[in-house]
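The values are calculated or read from the model by the stated rules, or taken from the named source; none is laboratory data. Predicted model, so just to flag it, every value in this text is computed and none were measured. When we count neighbours, we look across all protein chains shown, and the Cβ atoms used for this are built from the backbone with ideal geometry, even at glycine. These area figures cover heavy atoms from the full protein model, side chains too; ligands, DNA and RNA do not enter into them. Shrake-Rupley method; radii C 1.70, N 1.55, O 1.52, S 1.80 Å.
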Amino acid sequence: MELPLIVGVDGSDSSLAAVDWAVDEAARHGLALHLVHASLWETYEGAQPSFSTDRPAGEVMAEHIVASCLERAQRRNPEVKVSGRAVPEDAVSALLRAGPDAFALVTGSRGRGEVAGMLLGSVSLSVAARAVCPVIVIRGAEPNCQGSFGQVVVGVGDPTGGAGAVRFAVREAEVRGCALTAVRAWRNPVQEPVDHMLIADDAARLREERASTALEEALRETVGEHPRVDVRRRPLEGPAHRVLLEASAEADLIVVGAQRRHGRFGLQLGRVAHALLHHSQCPVAVVPQPA
């Protein structure tokens, strides 16, 4: 039995966009969808419910948020099985605790209490950097979030360390019936001395060939198991975060891996994933990989 897709909700516009995206994703995979709203029953800013109750206002508001999001999800696709609950806990802890029992965690890019203009909310960043399951942060332009480009992009780093990201990306492309573009960045060291332009060209060609070989090694097994997926291999020159950010402009989803080192505390998120979470023009999936 497949694990459910879990989405964190807080009533913000960003989380409502995450609900819409998660409903579509659950339908694609044939998954149940579970909504989680975490609150310490603190008083929210703005109007409170007008009906009388002896319960804390924050608790009533939390239940109202869950009920509203459940209704929204059911209207979007009545065939998706949807459930939800409010828990008296901080959002990061609640979502991380749900991670082991989730197909993936879905969050918006910013929550209700985030400062206007922030690139990424603290909850989304903390969950993406610590969860044991894939985390998908919904961000970017509307066409990207709606799947208008017919393309999933995966960043391929270490052929052994990124296997989980490749598997996730191939599966996403398959259920969407779209192309998968696998990107491997390569660079010429600017400090490398060369005596002749032809030598420099040969060095660049060699590095590009190595990037192509690394792509083949990383993709071979998983792609062989999914022969219907149209896979495009792109060894591209430049810093990995830059070439992937450029690729995100015409992608419906971009997938990267993040190594999780056993016994290490704090955020475990590489530079590339960090850059994408803050600046990608499409939703970002961060797939954990044991170091």
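Once you put a point 7 Å from the Cα of Arg271 and another 7 Å from the Cα of Arg232, both along the Cβ direction, what distance in nm separates them?
Label at Arg271, label at Arg232, 2.7 nm between them.
Which order do you get for His37, His241 if you rank them by accessible area with a 1.4 Å probe, largest at the top?
In descending accessible area the options line up as His241, His37.
Whole-Hz Karplus ³J(HN,Hα) for region 234-240, in order, using 6.51 cos²θ - 1.76 cosθ + 1.60 and θ = phi - 60°, x for Gly and Pro?
So the Karplus estimates, Gly and Pro as x, are 10, x, 10, 7, x, x, 4 Hz.
For a quick check of understanding: with a 1.4 angstrom probe and all protein chains in place, what accessible area in square angstrom does Glu142 have, to the nearest ten?
Spelled out: Glu142, probe radius 1.4 Å, area about 120 Å².
Just to verify a number: what accessible area does Trp186 come out at with the full protein assembly present, 1.4 Å probe, Å² rounded to tens?
That residue has around 30 Å² of solvent-accessible surface.
Once amide H atoms are built 1.01 Å from N in the peptide plane, which residues 5 or more positions from Glu237, or in another chain, come under 5 Å H to H?
HN-HN under 5 Å from Glu237: Trp186.
Non-local amide H neighbours of Gln259 (under 5 Å, H modeled in plane, Pro and chain starts lacking H): which ones?
Gly270, Gln289
Could you sort Thr213, Thr222 by accessible area so the largest value comes first, with the probe set to 1.4 Å?
Accessible-area ranking of Thr213, Thr222, largest first: Thr213, Thr222.
Search the structure for amide H atoms under 5 Å from the amide H of Gly121, placed 1.01 Å from N in the peptide plane, and list their residues when 5 or more places away or on another chain.
Arg110, Gly111
Just grab the label-to-label distance for Arg205 and Arg28, each label 7 Å out from Cα along the Cβ direction, in nm (one decimal).
The two pseudo-label positions are separated by 3.9 nm.
With every protein chain present, what accessible area does Glu208 have (1.4 Å probe, heavy atoms only), rounded to the nearest 10 Å²?
That residue has around 80 Å² of solvent-accessible surface.
Once phi is turned into θ = phi - 60°, what whole-Hz ³J(HN,Hα) does the Karplus curve with 6.51, -1.76 and 1.60 give for every residue of region 76-84, x standing for Gly and Pro?
Computed from phi, the couplings for region 76-84 are 5, 8, x, 7, 7, 6, 10, 9, x Hz.
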